[in-house]
Amino acid sequence: MNLDFSQIVPYIPFMLEGIWVTLKFVSASIVIGFIIGTLLALCKITKIPVLKVIADIYTSIFRGTPLILQLMIFYFAVPQLTGYDIEPFSSAILAFGLNSAAYVSEIIRAGIMAVDKGQTEAAQALGVPYKSMMANIILPQAIKNILPALMNEFITLTKESAIVSVIGYLDIMRRAQIVGADIYRNFEPLLFAGVIYWLMVYVLTQLGKVVERRMRYSD
């Protein structure tokens with residue numbers, strides 16, 4: 001089969017550095033996505049029509065267009081309009097964070113709607129302000145219910161992070177491509193990158209199960 005994994009051994013430390021590089025921008029993206037997604041979810045359930053329309057349009061745009069297109073717009077097109085270059089790291093965070101917010105908003109909205117209406121009615125009867133009710137009563141219950149879906153979104157972002165290689169960001173995939181070009185062999189470094197991605201997803205999946213189990217037992 002003409003395989004020689006010994007040639008990538010000297011490059012293993014270089015490729016492993018991509019794990020931290022990848023997790024760094026993915027973690028930042030999920031935080032941004034969660035914050036903006038929560039705000040969008042609240043806009044979708046509000047009684048103010050304008051906010052509902054804005055949130056729906058936002059979600060429609062970011063869910064209806066390819067993530068790679070959004071990434072390339074931030075990296076190539078925005079600098080053309082503004083005259084300022086955006087670093088690959090910043091472009092990746094913006095694209096992945098804003099894209100994730102669209103999906104997270106739907107997850108959180110569904111979680112909020114799944115909370116027993118009696119909770120809201122009881123809070124309103126006691127005169128609890130809307131902000132306090134959402135922050136201390138509704139959202140904590142919603143988050144507990146949607147935790148598996150949020151973990152799945154984090155896992156999805158981790159896998160899709162390979163897309164940033166198209167803008168030269170030195171993630172795992174980009175490093176595998178560099179190694180392949182250097183040794184004129186692509187199967188070995190790409191397979192090694194695939195193993196790294198699989199291990200990352202496996203660890204995240206197990207971590208999600210542990211957190212979900214603890215939250216279930218805390219009820």
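We did not get these values from a lab; they are worked out from the coordinates using the rules stated. It should be emphasised that the depicted structure is a prediction, and the values quoted were computed from it without experimental measurement. Quick reminder, even Gly has a Cβ in these numbers, built from the backbone with ideal geometry, and neighbours come from all protein chains shown.
Looking at the range 1-112, the pairs of alpha carbons with a distance over 23 Å make up 45% of the total. Between the alpha-carbon centres of the range 188-202 and the range 1-58 there is a gap of 18 Å. What you get for the range 7-217, charging only the Cβ of Lys and Arg (+1) and of Asp and Glu (-1), is a dipole of about 660 debye around the Cα centre. A DSSP coil position with no more than 13 other Cβ atoms inside 10 Å describes the following chymotrypsin sites (Phe, Trp or Tyr not before Pro) in the range 129-219: 184. With only Cα atoms counted, the range 129-182 has Rg and Dmax values of 19.1, 62 Å. Largest GNM mean-square fluctuation among 156, 46, 205, using the chain with Cα springs under 10 Å: 46.
Each 10 Å bin from zero holds the following percent of Cα-Cα pairs in the chain: 8, 27, 29, 21, 11, 4, 1, 0. Estimated from helical segments only, the mean residue ellipticity of the chain at 222 nm is -25500 deg cm²/dmol, where each DSSP H run of four or more residues counts as -39500 (n - 2.57). A cut-off of 5 Å between modelled amide H atoms, ignoring neighbours fewer than 5 places along the same chain, links residue 86 with no other residue. In terms of the mean number of neighbouring beta-carbon atoms within 10 Å, the peptides 96-104, 84-92 order highest first as 96-104, 84-92. Enumerate the lysines that residue 209 could reach by cross-link, defined here as Cα to Cα under 27 Å, with residues fewer than 8 away along the same chain left out. Straight-line reach from residue 209, under 27 Å: 24, 144, 159.
In the chain, which whole DSSP H runs stretch at least 24 Å along their own axis (Cα) and average 1.6 or higher on the Kyte-Doolittle scale? Taking the DSSP H segments of the chain (at least 24 Å long, mean hydropathy at least 1.6), we get 12-45.
Within a straight-line Cα-Cα reach of under 19 Å, residue 52 can be paired with the following aspartates and glutamates, leaving aside sequence neighbours fewer than 8 residues apart in one chain: 106. Using a cut-off of under 20 Å, list every residue of the range 134-152 whose amide N is near the label point 7 Å from the Cα of residue 214 along the Cα-to-beta-carbon line. Within reach of a label on residue 214: 140-152.
Kirkwood radius and radius of gyration were both taken over the C-alpha atoms of the range 113-218, and their ratio Rg/Rh is 1.25.
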